[in-house]
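First up is the structure itself, then whatever we jot down about it.
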Amino acid sequence: MSRKAAVAKKSWKTLLNHLVLILIVLLVAFPLIYAFAISTQSLQEVVGRPTLKLGSSLVKNYREAWVRSNMGRLLFNSIFVAFTTTVGKIIMAILSAFAIVFFNFRGKAIAFWTIFVTLMLPVPVRIVSTYQVISDLGWLNTYVGLTVPLMASATGTFFFRQFYRTIPDELVEAAQIDGAGPLRFLWSVLMPNSWANIAALFVVLFIFGWNQYLWPLMITHTVDMRVVVVGLRSLIPGGGEMLPEWNIVMAAAMIALILPVIVILSLQKYFVELYIETEK
Amino acid sequence: MERQVVFRNKWLPYLLLMPQIAITIVFFFWPALTSLRLALYRTTPFGDRMFFVGLQNFQRLFASPQYRQSVMTTLVFTASVTLVGVFISLVIALLLNQAIKGRTIYRTAILWPYGVALPVAGVLWMFLMHPTFGIVPYYLDGIINFNFDWILNGQAAMLLVILTAIWTNLGYNVAFFLAGLQAIPQSLLEAAYVDGATRVRSIIHITLPLLSPTIFFLLVMNVVYSLFDTFGLIDAVTKGGPAGATEIMIYKAYRDGIISLNLGSSAAQSVVLMVLAILLTVFQFRFIERKVSY
């Protein structure tokens, strides 16, 4: 094969490659594109022939979805819960990992395994008896109940532990020679080097917190304590007398998904570079 | 590797660990132990008395046709989500790895559904596939001979939840595969190319073996995801129906405990799931580090 032909063949292959990838991207985006189109259509358009055409009821639908689902309150709850559990988890993970990596003490192995065994006990598996604990504490339908029990994070602890183990002994020695105590070392040496790690973990934990479903469903029972992901369900039209107002549902779904998607898009650099590179 | 230089302090490490350990004991260990205990008892329908029944709850569970069906459903669901999801992700990642230009943009365009909560994703998909109003059945009905009515047809419901679960996790898988692929030395593939290996051959003989740790990791992660994280999807979309067609084990444990108030059976099911979770975690830990050091 001549050189020219080889180059031509290569560029055809590249083009084909890109075409396939664009097709995949469109397929992945299709549910969202369709949902957005529906969220702008009127009820007549929704029950007619399915189409991706944008309708004229965008403002009307989003306003209706907002009012009907008490969206302001739902969003506040979701943001509060996701943010508080994320920050709580990160702080606890940093403290635990710091204790495990930079100290020798009796019971270290027990502490380590106590934390990591939680990976083996996902929420749904122990939901009935955890519900009982929350109820005994009087935490049902409260923000404390929504956040505190979720703050233990084996993933976070593991993640920071891996990172702290790469800190050279010389750095610790230097700090000790300078007379820095452990907390000083944590604050002035480790923390300034941890921001990229914290950002990476923030993405994962924030999305995890925002996307919680079973926990808030179980322990809250009033509408004003509901989070977005749970509240969305109540808009879905069942059979019978209800109008098939899927345009309203889709508008609410758009509102429910926009924030975590923005978080992942804006912090994905950290998410991919740190979280994925180290988790492997 | 044990760290050589450490700080000396008698009580500080305990203080630092206390919040996390306290939460773990109160909200993880205690409920898990309660579940274990509850699994050995039977509660009267009004919940006022409990009898010790030994392993009877487990015997009944394994003999129950509904539970067996649920196990089968879980197998089909988990295997489909894991195998199909990981395979598609691998293909996409291999394609992406070739496209030098725009790789980051493509990755972003595939990663974003990871941010969508499964129940929300479920709502998008249930409308997409809605037998009366959805666009997919509307255009595929004449082409494919399949009853898309997920409200009445169990297979359609299963397909719906499988597709949604794969869609949500796709970007996560692809991102891990891409990171794995980029760690493979380019020189190795070039050497193979010089030796006259075709693209497919070099993928099979060089890329895949080197990628096997990532493949293994993602298989385990996807199994865990399908088994435990998909609760919200099932609850929001099918509630286990129609006629138990999508009632995976985690959902059955919840329904039997919370809705049917059959606490003994639900606790026994939780114990089975815990054992599964422990096996998977140990498996994964073994792999991440052969020897765990602190």
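Residues to consider are B:150, B:167; find the one that is crowded, with 18+ Cβ neighbours inside 10 Å, at pLDDT below 90 and not charged (D, E, K, R).
Details: B:167 fails: at pLDDT below 90.
The conditions single out B:150.
Of the listed requirements (1) of a type in the set (Val, Ile, Thr); (2) within 8 Å of another protein chain (Cβ to nearest Cβ); (3) surrounded by fewer than 22 Cβ atoms within 10 Å (Cβ to Cβ), residue A:258 misses just one: (2). Scoring residue B:122 on the criteria (1) facing another protein chain (nearest Cβ under 7 Å); (2) in contact (Cβ under 8 Å) with a residue 60 or more places away in the chain; (3) under 18 Å from residue B:232 (Cα atoms) leaves a single failure, condition (1).
Evaluate the stretch A:141-153: report whether one residue or more is at negative phi, touching a Leu at 6+ places or on another chain (Cβ under 8 Å) and not in a helix (DSSP H, G or I).
Here is the first cut: in the stretch A:141-153, the ones at negative phi are A:142-153.
Then keep just the ones that are touching a Leu at 6+ places or on another chain (Cβ under 8 Å); that gives A:145, A:153.
Those still in the list that are not in a helix (DSSP H, G or I) too: A:153.
Yes, the stretch A:141-153 contains at least one residue that is at negative phi, touching a Leu at 6+ places or on another chain (Cβ under 8 Å) and not in a helix (DSSP H, G or I).
Of the candidates A:80, A:105, A:98, the single residue that is surrounded by 14 or more Cβ atoms within 10 Å (Cβ to Cβ) and touching a Pro at 6+ places or on another chain (Cβ under 6 Å) is A:105.
When you scan the stretch A:107-118, do you find a residue that is more than 16 Å from residue B:13 (Cα to Cα), assigned by TED's automatic domain parsing to the domain that holds residue A:259 and of a type outside the set (Ser, Thr, Tyr), even just one?
Going residue by residue through the stretch A:107-118, those that are more than 16 Å from residue B:13 (Cα to Cα) are A:116-118.
If we keep only those that are assigned by TED's automatic domain parsing to the domain that holds residue A:259 too, we end up with A:116-118.
Cutting the leftovers down to of a type outside the set (Ser, Thr, Tyr) gives us A:116-117.
Yes, that holds for at least one residue.
Restricting attention to the stretch B:90-104, which residues are more than 13 Å from residue B:174 (Cα to Cα) and more than 7 Å from chain A (Cβ to nearest Cβ)? Walk me through how you get there before you give the answer.
Taking the stretch B:90-104 as the starting set, the residues that turn out to be more than 13 Å from residue B:174 (Cα to Cα) are B:98-102.
Scanning the stretch B:90-104 gives B:100, B:101, B:102.
Yes/no per residue for (1) within 13 Å of chain B (Cβ to nearest Cβ); (2) under 20 Å from residue B:25 (Cβ atoms); (3) hydroxyl-bearing (Ser, Thr, Tyr):
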position: A:58; (1), (2), (3): no, no, no
position: A:67; (1), (2), (3): no, no, no
position: A:80; (1), (2), (3): no, no, no
position: A:84; (1), (2), (3): no, no, yes
position: A:90; (1), (2), (3): yes, no, no
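If we keep just the residues of the stretch A:143-179 that are free of Cβ contacts under 8 Å to residues at least 12 places away in the same chain and more than 9 Å from chain B (Cβ to nearest Cβ), which is nearest to residue B:32 (Cα to Cα)? Checked the stretch A:143-179; the qualifying residue nearest to residue B:32 (Cα to Cα) is A:144. Of all residues assigned to the stretch A:50-59, none qualifies as being surrounded by 15 or more Cβ atoms within 10 Å (Cβ to Cβ) and charged (D, E, K, R).
Condition check ((1) within 29 Å of residue B:258 (Cβ to Cβ); (2) modelled with pLDDT of 95 or more) across all residues:
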position: B:29; (1), (2): yes, no
position: B:42; (1), (2): yes, no
position: B:59; (1), (2): yes, no
position: B:66; (1), (2): yes, no
position: B:76; (1), (2): yes, yes
position: B:88; (1), (2): no, yes
position: B:91; (1), (2): no, no
position: B:103; (1), (2): no, no
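Annotation note: Cβ proximity below 6 Å between a residue of the stretch B:241-268 that is facing chain A (nearest Cβ under 8 Å) and a residue that is in a helix (DSSP H, G or I) and among the acidic types (Asp, Glu) (sequence gap 6+ or interchain) occurs for B:266/B:256. Tallying residues that are buried (at least 24 other Cβ atoms within 10 Å of the Cβ) and either facing chain A (nearest Cβ under 7 Å) or free of Cβ contacts under 8 Å to residues at least 60 places away in the same chain (or both) within the stretch B:269-279 yields 1. Taking the numbered list (1) assigned to a helix (DSSP H, G or I); (2) in contact (Cβ under 8 Å) with a residue 40 or more places away in the chain in turn, residue B:151 passes all entries but (1). Going residue by residue through the stretch A:180-200, is there one that turns out to be in a helix (DSSP H, G or I), among the hydroxyl-bearing types (Ser, Thr, Tyr) and either closer than 30 Å to residue B:152 by Cβ or facing chain B (nearest Cβ under 8 Å) (or both)? Checking the stretch A:180-200: not a single residue is in a helix (DSSP H, G or I), among the hydroxyl-bearing types (Ser, Thr, Tyr) and either closer than 30 Å to residue B:152 by Cβ or facing chain B (nearest Cβ under 8 Å) (or both).
The helices (runs of 4 or more DSSP H) found entirely in the stretch B:50-142 that carry 1 or more residues being more than 30 Å from residue B:200 (Cβ to Cβ) and β-branched (Val, Ile, Thr) are B:65-79, B:118-128, B:135-140.
Does residue A:243 satisfy the condition of being more than 8 Å from every other protein chain (Cβ to nearest Cβ), in contact with a helix residue (DSSP H, G or I) (Cβ under 7 Å, 6 or more places away or on another chain), in contact (Cβ under 8 Å) with a residue 12 or more places away in the chain and not in a helix (DSSP H, G or I)? Yes.
The single residue among B:238, B:207 that is under 30 Å from residue A:121 (Cβ atoms) and among the hydroxyl-bearing types (Ser, Thr, Tyr) turns out to be B:238. In summary, residue A:48 fulfils each of the numbered conditions (1) farther than 23 Å from residue A:227 by Cα; (2) modelled with pLDDT of 90 or more with the single exception of condition (2). Under the condition of being at positive phi and out of contact with any His (no Cβ under 8 Å at 6 or more places or on another chain), the residues counted in the stretch B:72-131 number 0.
For the stretch A:49-133, list the helices (runs of 4 or more DSSP H) that sit wholly inside it and hold at least 2 residues that are under 19 Å from the mean Cα position of the chain (by Cα) and closer than 28 Å to residue A:259 by Cβ; which are they? Before the answer, list the steps.
On the way: elements: A:58-68, A:71-102, A:108-117.
Passing ranges, in order: A:71-102.
Residues satisfying the criterion are present in the stretch B:250-261 (criterion: out of contact with any Lys or Arg (no Cβ under 6 Å at 6 or more places or on another chain) and not in a helix (DSSP H, G or I)).
Results for (1) free of Cβ contacts under 8 Å to residues at least 24 places away in the same chain; (2) under 29 Å from the mean Cα position of the chain (by Cα), shown as yes or no for each residue.
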position: B:8; (1), (2): yes, no
position: B:19; (1), (2): yes, yes
position: B:23; (1), (2): yes, yes
position: B:44; (1), (2): yes, no
position: B:60; (1), (2): no, yes
position: B:74; (1), (2): no, yes
position: B:105; (1), (2): yes, yes
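When the residues of the stretch A:18-29 are narrowed to those that are within 12 Å of residue B:92 (Cα to Cα) and loosely packed, with under 15 Cβ neighbours inside 10 Å, which ends up farthest from the other protein chains (Cβ to nearest Cβ)? Give the derivation first.
Of all residues in the stretch A:18-29, those within 12 Å of residue B:92 (Cα to Cα) come to A:18, A:20-25, A:28.
Restricting the remaining residues to those that are loosely packed, with under 15 Cβ neighbours inside 10 Å gives A:20, A:22-23.
Working: A:20: 6, A:22: 8, A:23: 10 Å.
Applying the filter and picking the extreme gives A:23.
The values are calculated or read from the model by the stated rules, or taken from the named source; none is laboratory data. Quantities reported herein were computed from a predicted structural model and do not represent experimental measurements. All Cβ positions, even for glycine, are placed from backbone atoms using ideal geometry, and neighbour counts span all protein chains on display.
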